[in-house]
1. For residue 426, state whether it is surrounded by 21 or more Cβ atoms within 10 Å (Cβ to Cβ) and within 29 Å of residue 498 (Cα to Cα).
2. Which residue out of 83, 99, 91 is closer than 15 Å to residue 36 by Cβ, modelled with pLDDT of 90 or more and either in a helix (DSSP H, G or I) or not assigned by TED's automatic domain parsing to the domain that holds residue 221 (or both)?
3. Give the residues of the stretch 327-357 that are over 21 Å from the mean Cα position of the chain (by Cα) and surrounded by fewer than 17 Cβ atoms within 10 Å (Cβ to Cβ), sorted by residue number.
4. Take the stretch 62-80 and flag every residue that is part of a helix (DSSP H, G or I) and within 19 Å of residue 198 (Cβ to Cβ).
5. Any residue that is assigned by TED's automatic domain parsing to the domain that holds residue 85 and in contact with a strand residue (DSSP E or B) (Cβ under 8 Å, 6 or more places away or on another chain) - is there at least one of those in the stretch 184-207?
6. At pLDDT 90 or above, farther than 30 Å from residue 453 by Cα and part of a loop (DSSP other than H, G, I, E, B) - does that describe any residue in the stretch 257-265?
7. Can you say whether residue 262 is surrounded by 22 or more Cβ atoms within 10 Å (Cβ to Cβ), touching a helix residue (DSSP H, G or I) at 6+ places or on another chain (Cβ under 6 Å) and not assigned by TED's automatic domain parsing to the domain that holds residue 492, as far as the supplied structure shows?
8. Which residue is modelled with the lowest pLDDT, if the candidates are limited to the stretch 427-470 and must be in a helix (DSSP H, G or I) and within 17 Å of residue 279 (Cα to Cα)?
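The values are calculated or read from the model by the stated rules, or taken from the named source; none is laboratory data. Note that the structure is a prediction, hence the values are computed from the model and not measured. All Cβ positions, glycine included, derive from the backbone under ideal geometry; neighbour counts span all protein chains shown.
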């Protein structure tokens, strides 16, 4: 076998290690964004991603070492890089369809833990093979770079350093540069292209593998043509906006009556604008009880703070009904803040701070009449905003008769569910707690205060409310239920929000899927498709 001239330059081998390490981390971060719209971006999903990738890398290390010892032909390594590059390039083309296909199959075969099994299966099918191939790089390169036992430690150390530095860059570049700038799909294509160039350089130098090179180039270019679309919700048509930020997949849908923001394809509405200015019919309307409980209509310098502003649905409603109040919001996602002005008509005089909600409270000394906590979506509940310490911080920023309202959007039925944990935790901080379920949804609104007169104040303040709102608020008042705490508690040290959230989501999904299972059993596949 004629050795490729390029292999005589160890810098090229170190570059192979560097860019392979970079690509592994880039694919891992891309995996989280590919899965998030379907399975959330919770710690559980991250655990599945990291676990399956570590399995792939470990198996790749074992195979790569044995293969290099048995047949130390560099052609084999760089052929594997070609295959990995094409596979990664194909992820934007086929990945979302594979996820939906796996989910459809598991609908009829899994009775619990649907999200866990679906996310795990998707990771195994989509990501394990290319990362297994990349896992073979390090042991193979050791074989080609170690010249003698005298300097093998230095050589292996340099390879390890190249891999680590590449991994560091592969962590930061997708998160802060490529995904926000060009999206997840093109990020996959960029790093697939880097691997392809590495392999092409080898085969061109070697003057071999012409068929493999040509086939790889054609397939890569085909993936570039078909996979540059960043649309995760491929079944949606005529979206007003679809894009990605550092934190979220974002889509805006608009029809004759509504403008809707969704930050997760399968988990509903995060913000809504009613074009006719009416109430939303959602939990935002119920949350309007909080300003009445705080007696805002009677105050000259009333202040309302919204943690988890979204595109400003609650802020706009408060401005409409409580003109005397100063309203401000905190939103961690800068792109969502931009969408609030572009699509949701957020009043320009409502300031929004681009910051984490808890960090914001730590940074300011202001006190408010109402603080709304709306930072929980599907199972991605930030643990730092669900603990005793957080709610104590909220209480310290409320006036003496101030009210906190929390939107809990996963109403569980089993004992010890996430909402029970949250409510019990809040009970450690506030003396007066009331809850109300929002009909037709899984949302539950919780109102907390240290004022014993909060419900009486609400009824008295409603005398000044517009008739449309007054009627609804009286209904809310009559249906408020005082909360009786149990023994559940979350702290900064122990807040298992991901597992608790997963339980509720799993119950909800199983309830929904049972309906389709019954249709399938009665009417078969055609009946199931017709029902959709």
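1. Numbers: surrounded by 21 or more Cβ atoms within 10 Å (Cβ to Cβ): yes; within 29 Å of residue 498 (Cα to Cα): yes.
Spelling it out, residue 426 is indeed surrounded by 21 or more Cβ atoms within 10 Å (Cβ to Cβ) and within 29 Å of residue 498 (Cα to Cα).
2. Values: 83 fails: closer than 15 Å to residue 36 by Cβ; 99 fails: modelled with pLDDT of 90 or more.
None of the other options fit; the residue is 91.
3. Result: 341, 342, 345, 347, 348, 349, 351.
4. Hits for the stretch 62-80 are 64, 67, 68, 74, 75, 76, 77, 78, 79, 80.
5. yes
6. Yes, the stretch 257-265 contains a residue that is at pLDDT 90 or above, farther than 30 Å from residue 453 by Cα and part of a loop (DSSP other than H, G, I, E, B).
7. Working: surrounded by 22 or more Cβ atoms within 10 Å (Cβ to Cβ): yes; touching a helix residue (DSSP H, G or I) at 6+ places or on another chain (Cβ under 6 Å): no; not assigned by TED's automatic domain parsing to the domain that holds residue 492: yes.
Criteria not met by residue 262.
8. 468
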